[in-house]
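Novice: One structure coming up, written as structure tokens, with questions to follow.
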Amino acid sequence: METNNTICLAPSKEEIHEHIRNLKNHKAPGEDGIPGELLKNMGNCLLEYVSELIKEVWEKEVIPEEWQTALKYPIHKKGDKQLCDNYRGIALLNVTYKVLSKCILNRIKPWAEDILGDYQAGFRQNRSTTDQIFILKQIFQKIGSLLNVLRQFKLPQKLINLIKANILHTEIKIKVGNILSQGISVSTGLRQGDALSPILFNIALEKVIRESRIEENGIRLGGCIIGVLAYADDIALLAESKENLKEQAGKLLDTAKRIEKNDELTEIKARLQSGNKCFYGLSNVLKARTISKNLKIQLYRTLIRPVVMYGCEVWTLRKSNQNRLLIFERKILRTIFGPCIDDTTREWRIRKNEELKQLYQIPDIIREIKKRRFQWAGHAWRKEGTLIRMVQCGIPQGKRPLGRP
């Protein structure tokens, strides 16, 4: 771990310029209206000014009031437009603030890697959802004072002060069309769109996991005890018996104070439901005669199929589930290619499976899933000394009783 003096150093001009160069293009600006492209293409004089501004904020530990405000755009998801629950908000932060946030993040990352348990794969480099198999959702929405948690984990006070300046006294302004609301103070949660939010969430969750001590009880595999796996706020508890599992869940509930289970859907069924929502949302486009079939296929492969195949690397597919996935894909292909005239009856009919296969000429969804499983297996095998490798190669101790689990 880096020393406190090292990670508390103010960002250099070169570091600030590097973060500016890495800003993404074509992203909506915050309330100040300054897009990332402007910062990336401004002259050296303005770059010097921005660098001095960020260094001054770093030294004084006080950020400009304009950086504390986020624009919130409500985006309709589905259903009745009169219900607030059917909208999700997109928060837009000032781009210059994002540069400061990246500077702080670069200093917290190495420190956090030594703090976070190996169970956590969310928001961490070279880790993915498929590394952590999981079914529970939304463990908690907030915990006590994040700043106290950071102090308990001995993050340097300089960085705590900067984080405090970033997350306290923030506000949002909701914009609908050309109408902008007054500022609304935000006193809970982390800022959407802030580079610091994911890693701060991981640290907060680490506090919950440690206090609940659920890592101490689990299944023994490869010489170690695995009691919990996580991807961000998704948690999987592992235990040797139903009673132990209930006890672990109770501990987590007592610590986090709030828990919510996801719908009792099988993974395949849930994926197909999400895929159908995408399909019906694009049905008019896929039926349009003015759009080429090649473009429609590209839309299917980039917008619909990834939704269905999310997490497929860890699926164990039965024949029945394979058939359900193939039926789903053929339904979309029939929409894309449309009906044909029967050579015998001279009437319109839907295309047969073999006809679709000849027209599509791309590996079907099952072959693509198998390909990804092999790729992920290689990825897991190459991760020497990690929890995922131990799980892959380890042999659970004990005997499973006869009969269906």
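Novice: Surrounded by fewer than 16 Cβ atoms within 10 Å (Cβ to Cβ) and under 30 Å from ILE179 (Cα atoms), is that true of LEU38?
Specialist: Taking the combined requirement at face value, the residue satisfies it.
Novice: Another question, then. When you scan region 290-321, how many residues do you find that are at negative phi and either at pLDDT below 90 or not assigned by TED's automatic domain parsing to the domain that holds LYS371 (or both)?
Specialist: Looking only at that region, the number is 11.
Novice: Only residues that are without any contact (Cβ under 8 Å) to a residue 40 or more places away in the chain and of a type in the set (Gly, Ala, Ser): list them for region 28-48, please.
Specialist: Within region 28-48, GLY33, GLY43 qualify.
Novice: Considering only region 302-328, how many residues are in a helix (DSSP H, G or I) and without any contact (Cβ under 8 Å) to a residue 12 or more places away in the chain?
Specialist: Summing the residues that are in a helix (DSSP H, G or I) and without any contact (Cβ under 8 Å) to a residue 12 or more places away in the chain in region 302-328 gives 6.
Novice: While we're here: Residues in region 2-28 that are more than 21 Å from PRO110 (Cβ to Cβ) and crowded, with 17+ Cβ neighbours inside 10 Å: how many?
Specialist: The qualifying residues number 3.
Novice: Would you pick out the residues in region 350-386 that are more than 33 Å from the chain's Cα centre (by Cα), without any contact (Cβ under 8 Å) to a residue 24 or more places away in the chain, closer than 25 Å to THR302 by Cβ and assigned to a helix (DSSP H, G or I)?
Specialist: Listed by number, the residues that qualify are ASN353, GLU355, LYS357, GLN358.
Novice: In this structure, is LYS109 closer than 30 Å to LYS383 by Cα and modelled with pLDDT of 70 or more?
Specialist: Criteria met by LYS109.
Novice: Restricting region 298-315 to residues that are among the aromatic types (Phe, Trp, Tyr) and farther than 14 Å from ILE362 by Cβ, which is surrounded by the most Cβ atoms within 10 Å (Cβ to Cβ)?
Specialist: For region 298-315, the residue satisfying everything is TRP315.
Novice: Another question about this same structure. Can you tell me which residue is surrounded by the fewest Cβ atoms within 10 Å (Cβ to Cβ) among those in region 156-175 that are under 26 Å from the mean Cα position of the chain (by Cα) and among the polar types (S, T, N, Q)?
Specialist: THR170
Novice: I need a count of the residues in region 278-297 that are assigned to a helix (DSSP H, G or I) and either surrounded by 14 or more Cβ atoms within 10 Å (Cβ to Cβ) or among the β-branched types (Val, Ile, Thr) (or both).
Specialist: Here the count works out to 8.
The values are calculated or read from the model by the stated rules, or taken from the named source; none is laboratory data. Predicted, not measured: the structure shown is a model, and the values here were computed from it. Reconstructed Cβ throughout: ideal geometry from the backbone, glycine too, with neighbour counts over all protein chains shown.
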